[in-house]
Amino acid sequence: MARADYFIGIDNGTQSTKTVVVKGETGEVAGKATKAYGTIEGLPPGHKEQDHAVWIDALHETLKRALEESKVNSKDVKAIGVSGQQHGLVPLDDQGNVIRPVKLWNDTSTTEECEYLTNRLGGKEKVIDLLGLTIPPGFTASKILWLKRHEPGNFKRLRTILLPHDYINYYLTGRKVMEYGDASGTALMNIRTRKWCREILQAIDPDLEGKLPPLQSSDKPAGKLREEVASVLGLDEDVLVSAGGGDNMMGAVGTGNTVKGIVTASFGTSGTIYAYSDVPTVDPEGEIAAFCDSTNAWLPLLCTMNVTVATEFARNLFNLSHDELTKAVEEAPAGSDGLMLLPYFEGERTPNVPDGTGVFYGLNSRTFDEPHFVRASMEGVTLGMNYGLNRMKELGIKPTQIRLTGGGSKNPAWRQIAADIFDAEVVCLKIDEGAAYGAALQALWTYANHIGKRMSIQEVTSRYVEVDEETWASPKSSNVRLYKDLQSIQDNLSLSLQKTFKRHRRYLDRFVAH
């Protein structure tokens, strides 16, 4: 790669957009910028929506600031890669305009639509046979049916369905396409064959297939910059835009999770654990999402909806700084003397408890204090993630190293808790720009192949992605045994409360209605 070549990675997230400028020769981040934004306020419980316009504003601002910080000549930018929050429904009309606010990945208002589709297709086992995964509320399929049922006027205007990163690509290039990785999170595609599933499309609407963009492989570019966008961004029109992908798929690239044995655990607003697989890893119980990745392989993945959501609640409850939070966690013993948190503040995906609420269990005179509350919060979300990791191990995923990313991974106390609960060595990355960095590396990979310098994604990640040796944490055997006991208790507690959660949600719905 020439010395003057630079690559841009853009990560369109739920809370912010991050843009990085990466030097092709070394992989170093030459410039970066972030712009925060929020979701639409005042919606009913379970509804999570966002105005697409904030994404475009954030893209413009962060790209401009990142380029300014990098002091890179814009003529040296060769390609852009886009990462996006998965599963969001971006509905376009016949003019390519967005019809309504985007329903996001953490929107759980479509529970009835999920149940309808599952029953219509013949039950959970039949759904897994057709798709390779189930239809949880977060996925796109149920959002489309929700639109048809609840907003028929908007559904009548619907001409094209895109995901968030696809929409950014469409804005940049004018092309409407989907790549396999992000498309696998719609519950509209058979992940084994990488083709749209006719049965579920028909169950939603007979004309749905015509509203889906063409699918393409992850190493093919989405296109080149449109003239007007290139002019606004100050870039050349021949800048390539790679296929991009979902944030988890791009996070896998950014953490070097492109070979067997490497597992990534992301401690962000939500929690994800995912691994590379060269064959589909289908869970007959449907708890692990059998996604495709954005390198033309597969990415078995678990997602929990509440991670830093829970720890931030605890931190703000006691008005703690991040350093004070760490100190409080370290003051309480491993296991928090039996105090446990089911952190289902936003419902939950793994296990699938869309009606769930947060539950502290084990409160008594000994545990009713600040250190126990904050440590139990940190342990509770990590045990929730480990529920899914244990399931992945049962499906044949064998972690040799767990790489941590996301805001929570910066906390040394949390890294030790993760090592103990996961019973594995954990480590962070030297360049922890996550999905934005992965998007830039995918852009580099796509550009190299586009100009005839053939290379594999594994060659790219092995060259650029390095672990931070100072962040290693190894499991402590005594804590491992303790947490295995707590894991069993938490799993049983969650299972026993699931019917109660449903009754409680019906009560809350009546309360809100009045």
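The values are calculated or read from the model by the stated rules, or taken from the named source; none is laboratory data. Since this is a predicted model, take the numbers as computed values, not measurements. As a convention, Cβ positions derive from the backbone with ideal geometry for all residues, glycine included, and neighbour counts pool all protein chains shown. The area values use the complete protein model at the heavy-atom level, side chains included, leaving out ligands, DNA and RNA. Shrake-Rupley method; radii C 1.70, N 1.55, O 1.52, S 1.80 Å.
Among (1) surrounded by fewer than 17 Cβ atoms within 10 Å (Cβ to Cβ); (2) of a type outside the set (Lys, Arg); (3) in a loop (DSSP other than H, G, I, E, B), there is one condition Asp337 misses while meeting the rest; what is its number?
(3)
Yes or no: Thr264 in a loop (DSSP other than H, G, I, E, B), among the β-branched types (Val, Ile, Thr) and under 30 Å from Met385 (Cα atoms)? Spell out the reasoning first.
On the way: in a loop (DSSP other than H, G, I, E, B): no; among the β-branched types (Val, Ile, Thr): yes; under 30 Å from Met385 (Cα atoms): yes.
No, not satisfied.
Considering only the stretch 47-66, state which residues are open to solvent by 20 Å² or more (accessible area, probe 1.4 Å) and of a type outside the set (Asp, Glu).
Scanning the stretch 47-66 gives His47, Lys48, His52, Ala53, Val54, Ile56, His60, Lys64, Arg65.
So, in the stretch 1-52, exactly how many residues are among the aliphatic types (A, V, I, L, M) and farther than 18 Å from Gln442 by Cβ?
The qualifying residues number 6.
Any idea how many residues of the stretch 313-329 are open to solvent by 100 Å² or more (accessible area, probe 1.4 Å) and either in a helix (DSSP H, G or I) or touching a residue at least 40 places away in the same chain (Cβ under 8 Å) (or both)?
Total meeting the criteria: 5.
Scan the stretch 389-411 and tell me whether some residue there is at pLDDT 95 or above, within 16 Å of the chain's Cα centre (by Cα) and open to solvent by 20 Å² or more (accessible area, probe 1.4 Å).
Yes: one or more hits.
Give the residues of the stretch 436-459 that are in a helix (DSSP H, G or I) and without any contact (Cβ under 8 Å) to a residue 60 or more places away in the chain, sorted by residue number.
Glu459
In the stretch 248-262, is there at least one residue being hydroxyl-bearing (Ser, Thr, Tyr) and under 15 Å from the mean Cα position of the chain (by Cα)?
Checked the stretch 248-262: at least one residue is hydroxyl-bearing (Ser, Thr, Tyr) and under 15 Å from the mean Cα position of the chain (by Cα).
Against the definition (touching a residue at least 60 places away in the same chain (Cβ under 8 Å), within 23 Å of the chain's Cα centre (by Cα) and open to solvent by 10 Å² or more (accessible area, probe 1.4 Å)), how does Val426 come out, yes or no?
no
Test Ser218 against the criterion of being over 30 Å from Tyr116 (Cα atoms), of a type in the set (Gly, Ala, Ser) and without any contact (Cβ under 8 Å) to a residue 40 or more places away in the chain, and give yes or no.
Working: over 30 Å from Tyr116 (Cα atoms): yes; of a type in the set (Gly, Ala, Ser): yes; without any contact (Cβ under 8 Å) to a residue 40 or more places away in the chain: no.
No.
On the given criteria, is Arg463 assigned to a helix (DSSP H, G or I) and open to solvent by 60 Å² or more (accessible area, probe 1.4 Å)?
It is true that Arg463 is assigned to a helix (DSSP H, G or I) and open to solvent by 60 Å² or more (accessible area, probe 1.4 Å).
Could you tell me whether Leu342 is over 23 Å from His47 (Cα atoms) and either in a loop (DSSP other than H, G, I, E, B) or open to solvent by less than 10 Å² (accessible area, probe 1.4 Å) (or both)?
No, not satisfied.
What about Ala310, is it part of a helix (DSSP H, G or I) and either touching a Gly at 6+ places or on another chain (Cβ under 7 Å) or surrounded by fewer than 24 Cβ atoms within 10 Å (Cβ to Cβ) (or both)?
Working: part of a helix (DSSP H, G or I): yes; either touching a Gly at 6+ places or on another chain (Cβ under 7 Å) or surrounded by fewer than 24 Cβ atoms within 10 Å (Cβ to Cβ) (or both): yes.
Against the criterion (part of a helix (DSSP H, G or I) and either touching a Gly at 6+ places or on another chain (Cβ under 7 Å) or surrounded by fewer than 24 Cβ atoms within 10 Å (Cβ to Cβ) (or both)), Ala310 qualifies.
How many residues are of a type in the set (D, E, K, R) and either at positive phi or assigned to a loop (DSSP other than H, G, I, E, B) (or both) when one looks only at the stretch 466-503?
2
Filter the stretch 278-294 down to the residues that are open to solvent by 10 Å² or more (accessible area, probe 1.4 Å) and touching a Phe, Trp or Tyr at 6+ places or on another chain (Cβ under 8 Å) and list them by number.
In the first step, residues of the stretch 278-294 are kept if they are open to solvent by 10 Å² or more (accessible area, probe 1.4 Å); the result is 278-282, 284-287, 289.
Hits for the stretch 278-294 are Asp278, Val279, Pro280, Thr281.
I'm trying to understand the selection: among the residues of the stretch 11-45, which are under 19 Å from the mean Cα position of the chain (by Cα) and open to solvent by 20 Å² or more (accessible area, probe 1.4 Å)?
The answer is Asp11, Thr14, Gln15, Ser16, Lys18, Thr34, Lys35, Ala36, Tyr37, Gly38, Thr39.
Listed residues Lys32, Lys18, Lys48, Lys78; which is closer than 21 Å to Glu237 by Cα and not small (Gly, Ala, Ser)?
The conditions single out Lys78.
Please enumerate the residues belonging to the stretch 349-376 that are in contact (Cβ under 8 Å) with a residue 60 or more places away in the chain and either assigned to a strand (DSSP E or B) or acidic (Asp, Glu) (or both). Break it down stepwise before answering.
Narrowing the stretch 349-376 to residues in contact (Cβ under 8 Å) with a residue 60 or more places away in the chain: 349-357, 359, 361, 374.
Of everything in the stretch 349-376, those that are in contact (Cβ under 8 Å) with a residue 60 or more places away in the chain and either assigned to a strand (DSSP E or B) or acidic (Asp, Glu) (or both) turn out to be Val353, Asp355, Val359, Tyr361.
In the stretch 313-347, which residue that is touching a Gly at 6+ places or on another chain (Cβ under 6 Å) and of a type in the set (Gly, Ala, Ser) is modelled with the lowest pLDDT? Steps first, answer last, please.
Initial filter on the stretch 313-347 (touching a Gly at 6+ places or on another chain (Cβ under 6 Å)): 338-341, 343-345, 347.
Cutting the leftovers down to of a type in the set (Gly, Ala, Ser) gives us 338, 347.
Working: Gly338: 96, Gly347: 86.
Among those that are touching a Gly at 6+ places or on another chain (Cβ under 6 Å) and of a type in the set (Gly, Ala, Ser), it is Gly347.
Identify the residue in the stretch 431-447 that is at pLDDT below 95 and not hydrophobic (A, V, I, L, M, F, W, C) and, among all such residues, is nearest to Glu470 (Cα to Cα).
Checking each candidate, the answer is Asp432.
In the stretch 195-225, which residues are open to solvent by 60 Å² or more (accessible area, probe 1.4 Å) and part of a loop (DSSP other than H, G, I, E, B)?
Scanning the stretch 195-225 gives Pro206, Asp207, Pro214, Lys220.
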